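The values are calculated or read from the model by the stated rules, or taken from the named source; none is laboratory data. The structure presented is a predicted model; accordingly, all values stated were derived computationally and were not measured. Positions of Cβ are backbone-derived with ideal geometry, glycine not excepted, and every protein chain shown enters the neighbour counts.
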Amino acid sequence: MTQNSVTVADIAIVGLGEVGGRFLDEILRLRDRGIRVVCAAQNSETPGKQRAIDAGIPLKTTDEMVALGNAIDVIFDLTGNPDVRKDLRAKMQASGNRHTIIAPETMARMLWAVISDVQFGKGHDDRGY
C-alpha cells in the first residue's frame, strides 16, 4: 500500500501494558493509512512502553497530553483503571477541549476487530466508559 499523505486521526494511548502494548503494535502497522500516534503515557516500565520509545513516539504525562489540545483527535484509555479515565475526563473538561475524544478499551476492541485477524485477548474487567 502506498504512503497516505492525509492524516486520518492523530491519537494518543494512555496505558502501554498488555492491552495497550498490543493495541500500539496494531496501530503502528497502520501508519500508511493515516493513523498517527502523537504520544503515549505509561508510568511503569513495560514492553509496550519500550516499543513506543523504539518507534519514536514521545512519552508524556496525561497533563502534557491534555495540554496538546486539538493536536490529538482521540485518546485511547487502555489502563483499565476507572480513576485514570475519570481524571482524564476532568482534565479535558477543565481545559475546555471539545475536540478530543477519550475512547475506552471498548472502542479499542471494536477497532481491533476491524483491523486485525488476531484475537485481542482478555483485557481488563471494566471496559466501559
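Among (1) part of a helix (DSSP H, G or I); (2) within 16 Å of residue 102 (Cβ to Cβ), there is one condition residue 27 misses while meeting the rest; what is its number?
All conditions are met except number (2).
Consider residue 75 against the criteria (1) among the β-branched types (Val, Ile, Thr); (2) under 12 Å from the mean Cα position of the chain (by Cα); (3) in a loop (DSSP other than H, G, I, E, B): it satisfies all of them except one. Which criterion is unmet?
(3)
If I filter the stretch 4-25 down to residues being farther than 18 Å from residue 53 by Cβ and not hydrophobic (A, V, I, L, M, F, W, C), which single residue comes out as surrounded by the most Cβ atoms within 10 Å (Cβ to Cβ)?
Within the stretch 4-25, the match that is surrounded by the most Cβ atoms within 10 Å (Cβ to Cβ) is 10.
Evaluate the following for residue 30: is it under 22 Å from residue 117 (Cα atoms) and either loosely packed, with under 15 Cβ neighbours inside 10 Å or of a type in the set (A, V, I, L, M, F, W, C) (or both)?
Spelling it out, residue 30 is indeed under 22 Å from residue 117 (Cα atoms) and either loosely packed, with under 15 Cβ neighbours inside 10 Å or of a type in the set (A, V, I, L, M, F, W, C) (or both).
Take residue 66 and decide whether it is closer than 22 Å to residue 99 by Cβ, modelled with pLDDT of 95 or more and assigned to a helix (DSSP H, G or I).
Considered against the rule, which asks whether it is closer than 22 Å to residue 99 by Cβ, modelled with pLDDT of 95 or more and assigned to a helix (DSSP H, G or I), residue 66 comes out as yes.
So that you can scan it fast, the table gives a plain yes or no per residue for (1) without any contact (Cβ under 8 Å) to a residue 24 or more places away in the chain; (2) hydroxyl-bearing (Ser, Thr, Tyr); (3) in contact with a Gly (Cβ under 6 Å, 6 or more places away or on another chain):
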{"position": "55", "(1), (2), (3)": "no, no, no"}
{"position": "59", "(1), (2), (3)": "yes, no, no"}
{"position": "67", "(1), (2), (3)": "no, no, no"}
{"position": "78", "(1), (2), (3)": "no, no, yes"}
{"position": "93", "(1), (2), (3)": "yes, no, no"}
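Applying the selection to the stretch 37-50, what residues are out of contact with any Leu (no Cβ under 6 Å at 6 or more places or on another chain) and either assigned to a helix (DSSP H, G or I) or among the charged types (D, E, K, R) (or both)?
45, 47, 50
Given the options 19, 6, name the one that is in a loop (DSSP other than H, G, I, E, B), modelled with pLDDT under 95 and of a type in the set (A, V, I, L, M).
None of the other options fit; the residue is 6.
Can you find a residue in the stretch 89-110 that is among the acidic types (Asp, Glu), part of a strand (DSSP E or B) and under 22 Å from residue 21 (Cα atoms)?
no
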